[in-house]
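Participant: Pasting a structure below so you can have a look.
The values are calculated or read from the model by the stated rules, or taken from the named source; none is laboratory data. As the structure is a computational prediction, the values presented were derived from the model and not from experiment. When we count neighbours, we look across all protein chains shown, and the Cβ atoms used for this are built from the backbone with ideal geometry, even at glycine. Note: areas computed on protein heavy atoms with side chains; ligands, DNA, RNA excluded. Shrake-Rupley method; radii C 1.70, N 1.55, O 1.52, S 1.80 Å.
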Amino acid sequence: MLDLIRAKAAPAALILSVFLVWEAVCAAGGVSDILLPRPSAVLYELYDRWWALWPHTWQTLYTTLVGFAIGTAVGVLLGVLIGSSRLAYDTAYPLLVGISSIPKVAVVPIFVLWFGAGTVPAVLTAAIICIFPIVVNVATGIATVEPELEDVMKTLRASKLDILWNVQLPRAMPYFFASLKVAVTLAFVGSVVAETVASNRGVGNMMMVASSSFNVPLVFAGLFILAGLGVALYLIFSAVERRVAGWAMRKTDLAVTT
Amino acid sequence: MTAETALVPAAPAASPARPLITLDGVTVRFGRGTAAVQALAETSLTVAAGDFIALVGPSGCGKSTILRLVSDLMRPSSGRVLVAGREAGDAAAAEPVRIGMAYQNATLLPWLTIRQNVMLPLKIVPPFRAEWRRKRRTEYRDRADALLAQVGLKGFGDKYPWQLSGGMMQRANLCRALIHDPTLLLLDEPFGALDQFTREELWAVMQELWATRGTTVLLVTHDLREAAYLANRICVMSARPGRILEDCPVDFPRPRPLDLTFAPDFTALVQRLRALIVAARAAAA
């Protein structure tokens, strides 16, 4: 129990002390709000303009999650295809690496050209940015299944689908969740970048507008929102991970809940 | 597992007159050209239904290859492998012979509990498969628990594999190999990684399981005492490329007590087997 408190309290204390140091440095050095606003000013801005910020927050969360969902679905599908055959793995890998090396900011104008400014480019950018880590991890998880486990299934004359469902997918779950936690934070990067470039809604757009009017505390309020959303989604997926793939983390007592 | 098990059609066992397994002049080569390795050379072997056969021989003599051929994980380069009168892996077989298999590594799935692991074949193998959804919480669960109790794992069904010792995992592995009432049980050094006492304990368990079920067993082992204690027939194989050098019947009456392993007859048999394998190794060197 003491360990649990320590595990929860330590990160919270670290975040709090970062804010305190930041506040103290700004106050002592007399830093202007236009350069670096104090956290208290940012929080006040958040509180003060919450009703104006909320639609933007919702828009960003919505586009990120839709993009993330699309990216996850496509990523798992491709990962299974690539992971289940050596040939597919070797064939598709260079293409994937190539696609993933393209900076995603660069594709936003193309999406705008195709679909117009607004929600769709943000969703697609979020999706495309999170596909790669998911594909790679799912493929690795499936490709590294111990042959003995598959032999057990083959001896039982299991079909390919049986093996996929009963051995390969569960075996890939720890890899999958590791990539989900990366992917969900990347999805925010994608949607915010797209909103900044080509949208009239969302936290990214709001920050653009705020910075052009030198409302720096509001820009930072946008950053705080993004950080908060990112942490929240990360925590949600960590919790799901412990439920679904807890067997791979036997050190935590969460693995044995029965 | 009494009245209800009887509802499941009996596994298609070959009649005693017909052998369950026939290897007819089987040759297996791995690789091509100069790098090719010949694992089996013109090997022939027949196993009667209900028999308990042990395969012994020097390392790399193709013992495990025989198991892989019989379970259709591999095809022979030449020759025929018949299981219940049909080519292994004959897709046209209406009801293929049910096979259970246990390796030296327990290969339990780490994300499933012991009970779920043991029940896995029921989820995959017909005819059990058809009723999986309906019976997995009742009849199949009881079936798994009964089997676990029989090998001394009563109450461990809800544990995960990593919570068990090596010997316990191997017991669970045996349960998984047997839960679907296989006609044929293939064992590849299942007790190899265990300590002496656990191993001997599991020999007794294995003997009892075989006696109560009438399953045909093909056991690959390095342990000559294990072969002599468990098997009805011991096939001694030559060094690579493997073929069967000698087929020794083992006539000790059953049930065999563990003390048997200290009897002079038993020791003499083990020594004879040992001499055969030493000679086979020397011939290869």
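Participant: At 1.4 Å probe size, with no ligands or nucleic acids counted, give the accessible surface of residue B:259 in Å², nearest ten.
Facilitator: Roughly 110 Å² of residue B:259 is accessible to a 1.4 Å probe.
Participant: In this model, which of B:123/B:154; A:8/A:160; A:8/A:104; B:63/B:123 are farther than 32 Å apart at the alpha-carbon?
Facilitator: A:8/A:160; A:8/A:104
Participant: Let me ask you something else. Starting from the eigenvalues of the Cα gyration tensor, five times each then square-rooted, give me the equivalent ellipsoid semi-axes of the protein assembly as shown, largest first, whole Å.
Facilitator: For the protein assembly as shown, the semi-axes come out at 62, 26, 21 Å.
Participant: At q = 0.23 Å⁻¹, what log₁₀ I(q)/I(0) does the stretch B:109-182 have when each alpha carbon counts as one equal point scatterer in the Debye sum?
Facilitator: The computed values of log10 I(q)/I(0) come out as -0.98.
Participant: Enumerate the residues in the stretch A:113-139 having an amide nitrogen under 15 Å from the point lying 7 Å beyond the Cα of residue A:97 toward its Cβ.
Facilitator: Counting backbone N atoms under 15 Å from the label point, the list is A:133, A:136-137.
Participant: Residues in the stretch B:236-263, backbone N under 17 Å from the label point at residue B:283 (7 Å along the Cα-to-beta-carbon vector): list them, ranges by number please.
Facilitator: B:236-248
Participant: Give a residue-ordered list of calculated ³J(HN,Hα) values for the stretch B:65-78 (Karplus: 6.51 cos²θ - 1.76 cosθ + 1.60, θ = phi - 60°; whole Hz; x for Gly, Pro).
Facilitator: The phi angles translate into 4, 4, 5, 5, 5, 5, 8, 6, 7, 8, 10, x, 6, 8 Hz.
Participant: Can I ask one more? Can you tally the net charge around residue A:31? Count Lys and Arg as +1, Asp and Glu as -1, for every other residue whose Cβ sits under 11 Å from the Cβ of residue A:31.
Facilitator: Neighbour charge sum, excluding residue A:31 itself: -1.
Participant: Which of the three applies to the stretch A:134-189, rounded, prolate or oblate, going by the alpha-carbon gyration tensor with a ≥ b ≥ c and a/c under 1.5 meaning rounded?
Facilitator: Prolate shape, in that a/c is at least 1.5 and a/b is the bigger ratio.
Participant: Give the share of C-alpha pairs in each 5 angstrom bin for the stretch A:25-133, from 0 to the last occupied bin, in whole percents, shortest bins first.
Facilitator: 2, 10, 13, 14, 13, 11, 12, 9, 6, 5, 3, 1, 0
Participant: Compute the distance from the alpha-carbon center of the stretch B:13-74 to that of the stretch A:175-244, in whole Å.
Facilitator: Rounded to whole Å, the Cα centres lie 60 Å apart.
Participant: Here's another thing I want to ask about it. Report, to the nearest 10°, how far helix A:39-48 tilts away from the longest principal axis of the Cα atoms in chain A, using its own Cα long axis and a range of 0 to 90°.
Facilitator: Once rounded, one gets 90 degrees.
Participant: Going by a 1.4 Å probe on protein heavy atoms, which residues of the stretch B:121-145 end up with at least 40 Å² less accessible surface in the whole assembly than in their chain alone?
Facilitator: B:124
Participant: Taking the convex hull of the Cα atoms, report for the stretch A:49-249 its projected area averaged over all directions, in nm².
Facilitator: So the Cα hull casts an average projection of 12.7 nm².
Participant: Take the solvent-accessible surface of the protein heavy atoms, probe 1.4 Å, and return the percent of it on the stretch B:17-87 that carbon and sulfur atoms account for.
Facilitator: 47
Participant: Nearest 0.05, what FRET efficiency do residue A:227 and residue B:208 give at R0 = 51 Å with Cβ-Cβ as r?
Facilitator: The computed FRET efficiency comes out at 0.20.
Participant: Between 0 and 90 degrees, rounded to the nearest ten: what's the tilt of helix A:2-29 against the longest Cα principal axis of chain A?
Facilitator: Result, in degrees: 30.
Participant: A further question follows. By how many nm would the segment from residue B:222 to residue B:142 lengthen if fully extended, with 0.36 nm per residue of separation less the alpha-carbon distance?
Facilitator: 25.3 nm
Participant: May I ask for the angle, rounded to the nearest 10°, between helix A:119-143 and the longest principal axis of chain A, with both axes built from Cα atoms and the value confined to 0 to 90°?
Facilitator: 40
Participant: Across 10 Å bins from 0, what is the distribution of all Cα-Cα pair distances for chain B, in whole percents?
Facilitator: 6, 28, 34, 24, 7, 1
Participant: For the stretch B:109-182, what is the charge dipole size about the Cα centre, in debye to the nearest 20, if Lys and Arg each add +1 at the Cβ and Asp and Glu each add -1 at the Cβ?
Facilitator: The dipole magnitude comes to about 220 debye.
Participant: Also, quick follow-up: If the label point is 7 Å along Cα→Cβ of residue A:209, which residues in the stretch A:56-82 have backbone nitrogen under 14 Å from it?
Facilitator: Taking a point 7 Å out along Cα→Cβ of residue A:209, the residues of the stretch A:56-82 whose backbone N falls under 14 Å are A:56-60.
Participant: If you build the convex hull over the alpha carbons only and average its shadow over all orientations, what do you get for the stretch A:106-199? Give it in nm² to one decimal.
Facilitator: Approximately 7.0 nm², given one-decimal rounding.
Participant: Follow-up question, since we're still on this one. Using a probe of 1.4 angstrom, how much of the accessible area of the stretch A:9-111 is carbon and sulfur, in percent?
Facilitator: In the stretch A:9-111, the share of accessible area belonging to carbon and sulfur is 78 percent.
Participant: For peptide A:152-164, how many partner chain Cβ atoms fall within 10 Å of a residue's Cβ, on average?
Facilitator: Mean inter-chain Cβ contacts per residue within 10 Å come to 6.
Participant: Another question, then. So how far apart, in nm, are the two label points at residue B:27 and residue B:77 if each is 7 Å from Cα heading toward Cβ?
Facilitator: A separation of 0.7 nm, rounded to one decimal place.
Participant: Using the crude model of +1 on Lys and Arg Cβ and -1 on Asp and Glu Cβ, and no other charge, please compute the dipole size for the stretch A:1-129 relative to its Cα centre, in debye to 20.
Facilitator: In total the dipole reaches around 240 debye.
Participant: Moving on to the next point. To the nearest hundred square angstrom, how large is the accessible surface buried between B and A, total for both chains, probe 1.4 angstrom?
Facilitator: 2200
Participant: Counting heavy atoms of the protein chains only and a 1.4 Å probe, report the per residue accessible area for the protein assembly as shown as a whole number of Å².
Facilitator: With the other protein chains kept in place, the protein assembly as shown gives 48 Å² per residue.
Participant: Can you find, among A:233, B:39, A:11, the residue sitting farthest towards the positive end of the charge dipole of the protein assembly as shown, where Lys and Arg contribute +1 and Asp and Glu -1 at Cβ?
Facilitator: Of A:233, B:39, A:11, it is B:39.
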